[in-house]
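Below: one structure, written as structure tokens.
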Amino acid sequence: MRAYRSIEMEIALEFVRSLGMALMVFWMTVPSVAVAESSALSIDEAAELFSSAEFIRDIKISPDGKHYVVVAENDGGETASIFKYGSDEIVHVVNFDGRWGAGEIKWISNAEIAISPTFTPYLRFQRLSTPDLAVFSIDGKFKKIVFGPNAVGSQQTGLAGRRKIDGGAFLLDPLLDDPERIQIQVVDSKRSGFANLRFRTGKLEGLTYGPNEACSYAYGINGEIKYCSTFKKAKGSFVYPPTREVYELIDDEWILVHVGKLGEDVSVIRGIDSPTKFLATKESDSSITGLFEFDLETKQFTELYTDSRFDIGGVAAIGRDAVAISAHNPLPNYLYLGEASKLSSAHQTIVSAFPGKYVRITSTTEDQELVTFEISDSTTPADYYMFDVRKNEIRFLTHTAPQIANVNLRPMEPFTFTSGDGVLISGFFTQGTGGADSGSVVIVHGGPHGPFDRYQYHREVQFFSQIGLNVIQVNFRGSGGFGREFEELGYLEWSGKMIDDIVEGASFIGTQKGLAKKMCVYGGSYGGFASLSAAFRYPDFFQCAAGHVGVYDLPKMYSTGDIPEDDFGKNYLRAVISDDRDKLERDSPSYQASKIQIPVLLTHGKEDYRADVVHSRIMERRLTSLGKEVEATYVSKEMHGFADTSNERERLMQLGNFVQSSL
């Protein structure tokens with residue numbers, strides 16, 4: 001089929017009216033978080049609320065400030081609607097074929113928008129990114145896939161599942177001063193490069209390939225790409241432990257100028273101050289990732305800022321302007337570089353208007369007088385606003401998830417404790433609407449290495465808290481966000497000290513808050529593994545354990561899922577779980593099922609490419625053969641997490657009923 005079978009369709013009048021109402025603006029009143037006690041929602045009510053997709057997904061203002069585009073969900077599909085700024089009059093609607101979505105969207109001129117579309121395969125529910133790049137005019141007269149497998153109307157192939165298609169691209173720079181060209185990054189399975197693209201004709205100009213396909217390019221202040229930060233390859237594969245490399249483009253040749261230590265995070269981001277100075281993130285002597293200045297002439301890094309415990313959160317940028325540096329600790333916190341730019345000053349003004357919130361500028365006019373931004377925190381998925389810099393006025397635009405806008409969501413509270421062997425561990429506590437006596441759920445994050453629990457809106461945290469239960473999250477050793485050495489403390493400890501940290505954290509906050517001694521443990525992916533590991537390691541601590549898309553049989557990780565598909569993945573597994581068969585069996589819930597004394601719930605997508613469904617089937621069979629109490633649900637067309645709203649609603653209902661009945 002063609003990528004966009006129906007680019008433009010008549011939008012339903014009811015939807016236009018509802019969208020217009022959602023975007024009516026009013027003078028800003030800084031919102032306050034209500035934390036007073038309120039009655040719990042029923043499980044059905046909470047599952048309905050917290051399984052629904054966000055209604056508004058993106059809002060961006062045009063370079064001249066005359067229009068803005070809104071990406072919204074509409075009856076299971078997505079629309080990109082263009083409005084006149086000021087009157088909110090709808091100009092045009094791009095209504096995608098049901099399996100296609102807007103993906104990433106950016107203005108490339110006052111009248112044209114670039115879109116990196118998503119696609120939902122026929123035999124899956126999950127939306128996947130595509131290698132295509134499309135351009136649409138706001139009057140609907142120009143609509144074309146300008147680069148990618150469908151750029152000339154070729155038939156899609158392999159849409160039934162995961163695909164590997166060469167020749168994709170995404171936008172690097174809209175080149176607003178050039179009405180015919182955009183700058184793109186071209187990516188295939190072997191290499192990555194950048195070029196200018198005449199988007200009306202599809203002609204590439206000045207294509208320059210980087211050292212390999214993982215390049216992240218950095219611009220100098222003169223607007224030219226100067227650096228590629230990437231990962232080292234050997235014999236055609238990326239090496240493990242990952243080794244970062246930095247290349248400089250000199251006279252059309254990439255010269256290696258820095259090689260990081262094994263596992264070290266280092267990346268040159270963008271030029272600052274002068275043609276020879278670049279902003280970078282890099283591991284400090286403490287192994288915490290901090291902010292550095294990289295000197296083009298000396299090839300040396302100078303440390304600017306490193307927190308004592310937390311990795312730098314990242315550099316927020318619009319175009320080539322470094323707006324702010326996120327330095328969560330663990331609450332929202334921002335740093336700014338030297339003399340403030342116009343956008344940096346705007347960001348500081350917004351942060352002062354919304355203390356304690358994350359602030360992300362999503363778009364700006366070319367003169368930077370109008371700025372769209374979103375705010376978020378543990379009780380706010382994201383709310384969109386417009387900031388008129390000249391008038392110094394902020395106006396509310398819309399909630400991204402209006403269905404929960406009036407729900408008394410529960411704020412996260414950070415805590416720390418010292419483990420039994422002296423490691424400082426962080427976590428979050430969220431008090432449920434039922435109070436301390438109502439029972440608690442420990443939610444274990446996935447990964448486990450790299451991801452970590454943040455001070456942000458979390459659907460499952462709010463689901464449990466709204467049905468009356470307290471929620472505990474522990475950033476056990478091995479989690480990301482606290483430096484490489486902290487992460488490596490979790491290697492070979494998947495069922496060992498990482499589980500000890502989770503249980504010690506739950507015990508600590510339980511004592512601090514006077515919580516009733518009735519808890520369940522739940523998580524997805526590694527979190528599912530950890531939940532069942534905790535059940536056999538600490539058989540008397542929890543009242544139930546639930547795992548979603550989890551792994552439970554460590555030997556099977558070497559023969560199932562996508563991790564062992566290449567040498568990098570196999571070496572990763574050897575480093576983090578071992579290849580010693582006896583240890584793998586000792587650490588696996590499936591081999592230790594006889595020690596589990598509490599009810600178990602397993603849910604899994606049948607098409608999970610990461611943690612194969614065989615893990616849950618093995619776990620279910622072992623528990624059943626031992627006469628243990630186990631409930632298992634397997635859902636067709638779902639992958640590593642449930643994407644279909646009705647399936648997710650049913651899962652949350654099953655999970656909520658299971659936990660409440662066990663407590």
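Taking Arg244, Arg390 and ordering them by how much accessible surface each has at a 1.4 Å probe, largest first, produces Arg390, Arg244.
Quick check: at a probe of 1.4 Å, how many percent of the accessible area of the chain sits on carbon and sulfur atoms? Its accessible area is 48 percent carbon and sulfur atoms. Taken per residue, the accessible surface of the stretch 527-605 reaches 34 Å², heavy atoms only and a 1.4 Å probe. Based on protein heavy atoms only, the stretch 346-385 ends up with 28 Å² per residue of surface accessible to a 1.4 Å probe.
A 1.4 Å probe, protein heavy atoms only, puts the accessible area of Lys190 near 150 Å².
Would you please name the GluC sites (Glu not before Pro) within the stretch 339-439 that are DSSP coil residues with at most 14 other C-beta atoms within 10 Å of their C-beta? If you can, show how the numbers build up before the last one.
Values: sites: Glu339, Glu366, Glu369, Glu374, Glu393; in loops: Glu339, Glu366, Glu369.
Passing sites in the stretch 339-439 are Glu339.
Report, in listed order, any pair from Lys60/Lys282; Lys60/Lys342; Lys66/Lys143; Lys357/Lys517; Lys190/Lys277; Lys60/Lys141 with a Cα-Cα distance greater than 24 Å. Can you show the working numbers first?
Values: Lys60/Lys282 31 Å; Lys60/Lys342 18 Å; Lys66/Lys143 20 Å; Lys357/Lys517 33 Å; Lys190/Lys277 31 Å; Lys60/Lys141 21 Å.
The pairs that break the limit, which is 24 Å between Cα atoms, are Lys60/Lys282; Lys357/Lys517; Lys190/Lys277.
For the listed peptides 475-483, 87-95, 245-253, a ranking on the average number of other beta carbons within 10 Å per residue, highest first, reads 475-483, 87-95, 245-253.
Can you give the FRET efficiency to the nearest 0.05 for Arg621 and Arg390, using r as the Cβ-Cβ distance and R₀ = 51 Å? Display every interim value, and only then the final one.
Details: r = 67 Å, r/R0 = 1.31.
Calculated transfer efficiency: 0.15.
Output the peptides 402-411, 273-282 sorted from most to least packed, where packing is the average of other Cβ atoms within 10 Å over each peptide's residues. Write down the numbers at each step before the final one.
Numbers: 402-411: 16.8, 273-282: 18.3.
By packing density, highest mean first, the sequence is 273-282, 402-411.
Heavy atoms only, probe 1.4 angstrom, no DNA, RNA or ligands counted: give me Asp139, Asp612, Asp553 ranked by accessible area, highest first. Could the numbers behind the result be given before it?
On the way: Asp139 85, Asp612 50, Asp553 5 Å².
If we order Asp139, Asp612, Asp553 from most to least accessible, we get Asp139, Asp612, Asp553.
Normalise the Debye intensity by I(0) for the stretch 361-460, one equal point scatterer per Cα, no solvent, then take log10 at q = 0.14, 0.20 Å⁻¹ and round to two decimals. Each listed q corresponds, in turn, to -0.76, -1.08.
Kindly report the accessible area of the stretch 61-134 per residue (heavy atoms of protein chains, probe 1.4 Å, no ligands, DNA or RNA), in Å².
On the way: 2380 Å² over 74 residues.
Spelled out: the 1.4 Å probe surface of the stretch 61-134, per residue, equals 32 Å².
Straight-line cross-link partners of Lys583 among the lysines, defined as a Cα under 16 Å from its Cα and at least 8 positions apart when in the same chain: Lys497, Lys556. From the list (1) 97, 60, 49; (2) 73, 65, 62; (3) 69, 57, 51, can you say which value of Cα extents along the principal axes in Å was derived from the structure given? Given (1) 97, 60, 49; (2) 73, 65, 62; (3) 69, 57, 51, the calculated one carries the label (3).
Segment Ser137..Arg610, full-extension length gain: 166.4 nm, with 0.36 nm per residue of separation and the alpha-carbon distance subtracted.
The values are calculated or read from the model by the stated rules, or taken from the named source; none is laboratory data. Not measured: the values here are computed from a predicted model. Positions of Cβ are generated from backbone atoms using ideal geometry, with glycine treated the same way; all protein chains shown enter the neighbour counts. In case anyone asks, the SASA skips ligands and DNA or RNA and just uses the protein heavy atoms, side chains included. Shrake-Rupley method; radii C 1.70, N 1.55, O 1.52, S 1.80 Å.
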